[in-house]
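Engineer: Here's a structure for you.
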């Protein structure tokens with residue numbers, strides 16, 4: 001399964017949830033190690049990790065780790081810079097805006 005995840009190039013981000021941290025460490029080595037004949041594809045890198053206490057009266061907690069391929073962060077910044085600052089609006093929003101402008105220009109209120 002880990003080799004398939006590494007080989008899936010469109011996959012840019014993983015959220016790994018583990019109830020046993022040592023198992024995550026073993027799997028993270030496979031996901032984050034440099035590319036080789038055995039592990040094709042760009043490696044992942046851990047971005048953030050959080051312990052989640054789902055069972056507060058026990059000593060156990062879940063580990064949630066976000067893994068990303070390094071190119072994702074740079075690609076996201078470039079796409080954000082390329083996109084316009086104003087989001088696209090639908091026809092319904094445009095008609096409401098035109099209607100409110102008409103009300104302001106005529107001096108009437110609803």
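Engineer: Using the number of other C-beta atoms within 10 angstrom as an exposure proxy, rank 55, 39 with the fewest first.
Structural biologist: Working: 55 11, 39 18.
Starting with the residue having the fewest Cβ neighbours, the order is 55, 39.
Engineer: Here's another thing I want to ask about it. Gain in length, residue 38 to residue 8, computed as 0.36 nm per residue apart minus the alpha-carbon separation, to one decimal in nm? Can you show the working numbers first?
Structural biologist: On the way: separation 30, 0.36 × 30 = 10.80 nm, distance 1.38 nm.
Value of the extension gain: 9.4 nm.
Since every read-out is calculated from the coordinates, none of them should be taken as a lab result. These figures come from a predicted structure and were not determined experimentally. Cβ: placed from backbone, ideal geometry, glycine included. Neighbour counts: every protein chain shown.
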